[in-house]
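Below: one structure, written as structure tokens.
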Amino acid sequence: MRGPGPRRRDLLIEYLHLVQDRYGYLSAAHLRALAEELRVGQAEVWEVASFYAHFDLVKEDELPPPALTIRVCESLSCELAGAEALLAALEEGLDPAE
């Protein structure tokens, strides 16, 4: 987020995407720095980031996630479309450590 121009609070979600894309996850340090840059509370940044399942949040005592994350929708419509079978096939064919 370097460069000229004001930091806009209404672009918080966009800034979260930029950090996630650059580092592959959102660490506690990333969220603190973003809150400071935007002059908003850390709770506000956490609430927005944690609301969306596509952000990988890493707490201070956790390791970053692997480079590849596969997500399978588990809503009713996804279940009806075969999400359960897809998830089972993925779990059988992949090593979670990778």
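The values are calculated or read from the model by the stated rules, or taken from the named source; none is laboratory data. Values in this document were obtained by computation on a predicted structure and should not be read as measured data. FYI the Cβ positions are ideal-geometry reconstructions off the backbone, even for glycines, and counts take in every protein chain you see. For accessibility, only protein heavy atoms count, side chains too; no ligands or nucleic acids. Shrake-Rupley method; radii C 1.70, N 1.55, O 1.52, S 1.80 Å.
Less than 5 angstrom separates the built amide H of V58 from those of L26, S27, A28, all sequence-distant by 5 or more or on a different chain. Placing a label point 7 Å from the Cα of K59 along the Cα-to-Cβ direction, the residues of segment 32-48 whose backbone N falls under 18 Å of that point are 32, 42-48. Seen from all sides and averaged, what is the projected area of the convex hull of the Cα atoms in the chain, in nm²? Seen from a random direction, the Cα hull of the chain projects 7.8 nm² on average.
Residue ranges 68-76, 46-54 sort as 46-54, 68-76 when ordered by packing (mean number of other C-beta atoms within 10 Å per residue, highest first).
For segment 1-64, the solvent-accessible area works out to 72 Å² per residue, with a probe of 1.4 Å and every protein chain left in place. Its relative contact order, with pairs defined as Cα atoms under 8 Å and 6+ residues apart, puts the chain at 23 percent. Helix 28-38 and the longest principal axis of the Cα set of the chain meet at an angle near 40°. Where does the charge balance sit around R7 when Lys and Arg score +1, Asp and Glu -1, over other residues with C-beta under 9 Å from its C-beta? For residues surrounding R7, the net value is +2. Other residues lying with their Cβ under 13 Å from the Cβ of A53 contribute a combined charge of -1, Lys and Arg counting +1, Asp and Glu -1. Can you tell me the 0 to 90 degree angle between the C-alpha axis of helix 83-93 and the longest principal axis of the chain, rounded to 10? Between the helix axis and the principal axis of the chain, the angle is about 90 degrees. Quick one: pull the percent of accessible area on the chain belonging to carbon and sulfur, 1.4 Å probe, ligands and nucleic acids left out. Result for the chain: 54 percent of the exposed heavy-atom area is carbon or sulfur.
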